[in-house]
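Student: Here it is: the structure, laid out below.
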Amino acid sequence: MSSTIIDEIFATFERYGALNYGEDASQLQHALQTAELARRNRCSEAMIAAGLLHDIGQFMDDAGSAAETLGIDAHHEETGAAYLRRYFPDSVTEPVRMHVVAKRYLCASDPAYLQGLSDASTLSLALQGGPMTHEEAHAFEGVPFFADAVQLRRFDDMGKHPEWTVPGLESHRGRLEALLLVNA
Ligand code: FE
(Lines give C-alpha, C1' and ligand atoms only; values in the text may rest on other atoms or scores of the structure.)
Protein backbone atom coordinates (compact mmCIF):
# COMPACT_ATOMS: atom_id res chain seq x y z
CA MET A 1 0.00 0.00 0.00
CA SER A 2 2.60 2.48 1.11
CA SER A 3 4.84 1.71 -1.84
CA THR A 4 2.15 3.06 -4.21
CA ILE A 5 3.10 6.55 -3.08
CA ILE A 6 6.79 5.90 -3.49
CA ASP A 7 6.06 4.47 -6.96
CA GLU A 8 4.12 7.64 -7.80
CA ILE A 9 7.05 9.80 -6.65
CA PHE A 10 9.59 7.73 -8.59
CA ALA A 11 7.36 7.84 -11.68
CA THR A 12 7.33 11.62 -11.39
CA PHE A 13 11.13 11.62 -11.38
CA GLU A 14 11.19 9.26 -14.37
CA ARG A 15 8.86 11.59 -16.25
CA TYR A 16 10.52 14.91 -15.47
CA GLY A 17 13.97 13.97 -14.17
CA ALA A 18 15.68 14.36 -17.53
CA LEU A 19 14.75 18.04 -17.63
CA ASN A 20 17.68 20.34 -17.22
CA TYR A 21 18.15 21.73 -13.75
CA GLY A 22 19.69 24.82 -15.25
CA GLU A 23 23.39 24.37 -14.62
CA ASP A 24 24.32 21.37 -16.80
CA ALA A 25 22.92 18.77 -14.41
CA SER A 26 19.53 17.12 -14.93
CA GLN A 27 16.74 17.42 -12.36
CA LEU A 28 17.23 13.76 -11.38
CA GLN A 29 20.99 14.17 -10.94
CA HIS A 30 20.37 17.28 -8.86
CA ALA A 31 17.86 15.53 -6.58
CA LEU A 32 20.05 12.45 -6.10
CA GLN A 33 23.18 14.53 -5.51
CA THR A 34 21.48 16.78 -2.97
CA ALA A 35 20.32 13.66 -1.08
CA GLU A 36 23.78 12.10 -1.32
CA LEU A 37 25.38 15.23 0.15
CA ALA A 38 22.99 14.96 3.11
CA ARG A 39 23.85 11.27 3.50
CA ARG A 40 27.60 11.88 3.38
CA ASN A 41 27.27 14.62 5.96
CA ARG A 42 25.56 12.16 8.32
CA CYS A 43 22.27 14.01 8.28
CA SER A 44 19.03 12.45 9.50
CA GLU A 45 16.98 10.14 7.28
CA ALA A 46 14.40 12.94 7.02
CA MET A 47 17.04 15.35 5.73
CA ILE A 48 18.28 12.87 3.13
CA ALA A 49 14.67 12.48 1.95
CA ALA A 50 14.24 16.26 1.94
CA GLY A 51 17.34 16.50 -0.25
CA LEU A 52 15.85 14.06 -2.73
CA LEU A 53 12.40 15.65 -2.77
CA HIS A 54 13.11 19.36 -2.31
CA ASP A 55 12.39 20.39 -5.92
CA ILE A 56 9.50 18.01 -6.60
CA GLY A 57 7.19 21.02 -6.78
CA GLN A 58 8.91 21.97 -10.03
CA PHE A 59 7.33 18.85 -11.58
CA MET A 60 3.87 19.46 -10.14
CA ASP A 61 3.31 22.69 -11.97
CA ASP A 62 4.47 22.28 -15.55
CA ALA A 63 4.84 26.02 -15.83
CA GLY A 64 7.05 26.16 -12.73
CA SER A 65 10.55 26.43 -14.11
CA ALA A 66 9.41 28.22 -17.25
CA ALA A 67 7.60 30.82 -15.18
CA GLU A 68 10.75 31.52 -13.19
CA THR A 69 12.78 32.16 -16.31
CA LEU A 70 10.03 34.52 -17.47
CA GLY A 71 10.35 36.56 -14.31
CA ILE A 72 7.51 35.06 -12.27
CA ASP A 73 8.20 33.19 -9.04
CA ALA A 74 6.03 30.06 -9.15
CA HIS A 75 6.84 29.09 -5.55
CA HIS A 76 7.77 25.50 -6.31
CA GLU A 77 8.81 25.02 -2.67
CA GLU A 78 5.23 25.63 -1.48
CA THR A 79 3.74 23.37 -4.16
CA GLY A 80 6.19 20.61 -3.31
CA ALA A 81 5.74 20.87 0.46
CA ALA A 82 1.92 20.87 0.11
CA TYR A 83 2.10 17.64 -1.90
CA LEU A 84 4.63 15.99 0.42
CA ARG A 85 2.70 16.91 3.59
CA ARG A 86 0.08 14.29 2.70
CA TYR A 87 2.71 11.57 3.14
CA PHE A 88 5.71 12.80 5.15
CA PRO A 89 6.37 14.45 8.54
CA ASP A 90 7.39 18.08 9.10
CA SER A 91 11.03 17.01 9.42
CA VAL A 92 10.91 16.33 5.66
CA THR A 93 8.42 18.92 4.45
CA GLU A 94 9.46 22.01 6.44
CA PRO A 95 13.05 22.10 5.14
CA VAL A 96 11.58 21.63 1.63
CA ARG A 97 9.09 24.47 2.15
CA MET A 98 11.82 26.80 3.45
CA HIS A 99 14.73 25.96 1.15
CA VAL A 100 14.17 29.05 -0.98
CA VAL A 101 13.71 31.47 1.90
CA ALA A 102 16.85 29.91 3.43
CA LYS A 103 18.76 31.28 0.48
CA ARG A 104 17.52 34.78 1.33
CA TYR A 105 18.70 34.12 4.89
CA LEU A 106 22.17 32.95 3.82
CA CYS A 107 22.57 35.97 1.53
CA ALA A 108 21.92 38.21 4.53
CA SER A 109 24.03 36.33 7.07
CA ASP A 110 26.98 35.01 5.06
CA PRO A 111 28.72 37.47 2.67
CA ALA A 112 30.79 34.63 1.16
CA TYR A 113 27.56 32.81 0.30
CA LEU A 114 26.17 35.83 -1.53
CA GLN A 115 29.42 36.22 -3.49
CA GLY A 116 29.49 32.54 -4.41
CA LEU A 117 25.99 32.37 -5.93
CA SER A 118 25.82 31.14 -9.50
CA ASP A 119 24.54 33.52 -12.19
CA ALA A 120 21.17 31.74 -12.33
CA SER A 121 20.85 31.83 -8.57
CA THR A 122 21.73 35.53 -8.42
CA LEU A 123 19.05 36.21 -11.02
CA SER A 124 16.39 34.27 -9.14
CA LEU A 125 17.34 35.91 -5.83
CA ALA A 126 15.71 39.15 -6.92
CA LEU A 127 12.52 37.26 -7.84
CA GLN A 128 12.58 35.57 -4.45
CA GLY A 129 12.68 38.87 -2.60
CA GLY A 130 16.42 39.58 -2.33
CA PRO A 131 18.49 39.08 0.87
CA MET A 132 16.54 39.10 4.17
CA THR A 133 16.73 42.20 6.33
CA HIS A 134 18.49 41.85 9.67
CA GLU A 135 15.12 41.62 11.42
CA GLU A 136 13.81 38.98 9.02
CA ALA A 137 16.98 36.92 9.48
CA HIS A 138 16.71 37.11 13.25
CA ALA A 139 13.06 36.02 13.17
CA PHE A 140 13.87 33.16 10.77
CA GLU A 141 16.40 31.77 13.27
CA GLY A 142 13.51 31.11 15.65
CA VAL A 143 11.45 29.04 13.19
CA PRO A 144 11.30 25.25 13.71
CA PHE A 145 13.54 23.38 11.23
CA PHE A 146 15.37 26.62 10.42
CA ALA A 147 18.80 24.96 10.69
CA ASP A 148 17.71 22.02 8.52
CA ALA A 149 16.35 24.39 5.88
CA VAL A 150 19.67 26.27 5.77
CA GLN A 151 21.63 23.02 5.62
CA LEU A 152 19.39 21.72 2.82
CA ARG A 153 19.98 24.94 0.93
CA ARG A 154 23.75 24.47 1.08
CA PHE A 155 23.45 20.91 -0.28
CA ASP A 156 21.03 22.20 -2.93
CA ASP A 157 23.68 24.68 -4.09
CA MET A 158 26.36 21.98 -4.24
CA GLY A 159 24.40 19.25 -6.03
CA LYS A 160 24.78 20.37 -9.62
CA HIS A 161 27.56 18.24 -11.08
CA PRO A 162 26.95 16.83 -14.56
CA GLU A 163 29.67 14.18 -14.05
CA TRP A 164 29.06 12.99 -10.47
CA THR A 165 27.32 9.59 -10.34
CA VAL A 166 25.59 8.80 -7.05
CA PRO A 167 23.23 6.04 -5.82
CA GLY A 168 19.93 6.02 -7.75
CA LEU A 169 16.28 6.40 -6.81
CA GLU A 170 15.85 2.79 -5.65
CA SER A 171 18.50 3.31 -2.97
CA HIS A 172 16.01 5.69 -1.32
CA ARG A 173 12.92 3.46 -1.40
CA GLY A 174 13.34 1.93 2.07
CA ARG A 175 14.18 5.31 3.57
CA LEU A 176 11.08 6.96 2.09
CA GLU A 177 8.82 4.07 3.12
CA ALA A 178 10.10 4.25 6.70
CA LEU A 179 9.32 7.97 6.80
CA LEU A 180 5.76 7.71 5.47
CA LEU A 181 3.07 8.92 7.85
CA VAL A 182 1.06 6.05 9.34
CA ASN A 183 -2.18 7.23 7.76
CA ALA A 184 -0.64 8.17 4.38
FE1 FE B 1 17.27 22.50 -5.91
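The values are calculated or read from the model by the stated rules, or taken from the named source; none is laboratory data. Quick caveat: nothing in here was measured; it's all calculated off a predicted structure. Glycine also receives a Cβ, built like all others from the backbone with ideal geometry; neighbour counts cover every protein chain displayed.
Student: So in the stretch 1-25, with the set limited to residues that are under 21 Å from Leu117 (Cα atoms) and touching a residue at least 24 places away in the same chain (Cβ under 8 Å), which one is surrounded by the most Cβ atoms within 10 Å (Cβ to Cβ)?
Tutor: Ranking the candidates gives Tyr21 first.
Student: Where in the stretch 1-96 are there helices (runs of 4 or more DSSP H), lying wholly inside it, with at least 2 residues that are within 12 Å of the ligand (Cβ to nearest atom) and modelled with pLDDT of 95 or more?
Tutor: Counting at least 2 such residues, we get 27-40, 45-53.
Student: Also: What are the residue pairs meeting all of these: first residue in the stretch 142-162, first residue exposed (fewer than 14 other Cβ atoms within 10 Å of the Cβ), second residue assigned to a loop (DSSP other than H, G, I, E, B), Cβ atoms under 6 Å, and 6 or more apart or on different chains?
Tutor: Close Cβ pairs satisfying both conditions: Pro162/Asp24; Pro162/Ala25.
Student: If you check Leu123, Leu127, which single one turns out to be under 18 Å from Lys160 (Cα atoms), at pLDDT below 95 and of a type in the set (A, V, I, L, M)?
Tutor: Leu123
Student: In addition: Would you list the helices (runs of 4 or more DSSP H) that sit entirely within the stretch 125-184 and hold 3 or more residues that are within 15 Å of the chain's Cα centre (by Cα)?
Tutor: The helices (runs of 4 or more DSSP H) meeting that bar are 146-158.
Student: I would also like to ask the following. Output the residues belonging to the stretch 105-122 that are surrounded by fewer than 15 Cβ atoms within 10 Å (Cβ to Cβ), free of Cβ contacts under 8 Å to residues at least 60 places away in the same chain and of a type in the set (A, V, I, L, M).
Tutor: Selection gives Ala112 alone.
Student: Follow-up. Which condition number in (1) modelled with pLDDT of 95 or more; (2) within 16 Å of the ligand (Cβ to nearest atom); (3) over 17 Å from Ile48 (Cβ atoms) is the one that Leu117 fails?
Tutor: All conditions pass for Leu117, except number (1).
Student: Of all residues in the stretch 97-118, how many are hydrophobic (A, V, I, L, M, F, W, C) and part of a loop (DSSP other than H, G, I, E, B)?
Tutor: Just the residues of the stretch 97-118 that are hydrophobic (A, V, I, L, M, F, W, C), to begin with: 98, 100-102, 106-108, 112, 114, 117.
Filter again for part of a loop (DSSP other than H, G, I, E, B), leaving 100, 117.
Here the count works out to 2.
Student: Also, quick follow-up: Return the residue satisfying two criteria in turn: it lies in the stretch 120-159 and is within 16 Å of the ligand (Cβ to nearest atom) and among the polar types (S, T, N, Q), and of such residues it is nearest to His54 (Cα to Cα).
Tutor: Among those that are within 16 Å of the ligand (Cβ to nearest atom) and among the polar types (S, T, N, Q), it is Gln151.
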